[in-house]
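*Asks:* Mind having a look at this structure? Questions to follow.
What follows draws every value from the coordinates through simple rules; no lab data is involved. Predicted model only: the values in this text are computed from it and were never measured. In this analysis, Cβ positions are derived from the backbone assuming ideal geometry, glycine residues included, and neighbour counts consider all displayed protein chains.
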């Protein structure tokens, strides 16, 4: 019996709320140009996010959705057929069957709109609560594959290449919107898989993910905070109160004190 698709409810809410509000939903990926400031919504559900967008006179939302695919599971399952049964392979096989029941289900949902007349985008992302177990299974499979590999020469990225790719990842809206390490790793693998495959690298190095996280936290976040601080100070000087500023900048009212 198939496992429940935990994000299917949110997906249905997106479609229903779009119909109710008249907002158009475009399914696809969004490459935001340089100079765009990105905000992460504090909404708990898609319907709340879309209602907020309607109040701001937004007419178009971009929806990006990822589903668990069969390729990795099928390849791993085929590889396990040739192994002598051990406690490790039995465990991974069991975990694979757990993952296989999720094939076709929604792994992530991301909604984005631009505040009308501004270079500011607002994003809300969801990640399925079962993704951690799928991710851990994939890690186990990779570890087993690495142990069984011959001493083939591995392709390694130079420090310059690693930093360049990590910076691209750190600037990606989906990576910035991820709220947990598992979510960041999931996004990184989705965004970088094709690019690294062209270089002969099958898995995203942990170093790149860590570098991207460091760049985001040590460079991008402080720069964004400085921009918000400047806006808050300007609006205060113009006589706006904290509640008005919070609404205008789309940030929680309690955070205003951080910038004063």
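*Asks:* How do 45-51, 56-62 rank on mean C-beta neighbours within 10 Å, highest first?
*Replies:* 45-51, 56-62
*Asks:* Identify the residues of the stretch 102-128 with backbone N under 18 Å of a label point that sits 7 angstrom from the Cα of residue 69 along the Cα-to-Cβ direction, or state none.
*Replies:* Residues 102-110, 128 qualify, since their backbone N sits under 18 Å from the label point.
*Asks:* In nanometres, what is the gap between the two model label sites at residue 44 and residue 236, each 7 Å from Cα along Cα-to-Cβ?
*Replies:* Calculated label separation equals 3.1 nm.
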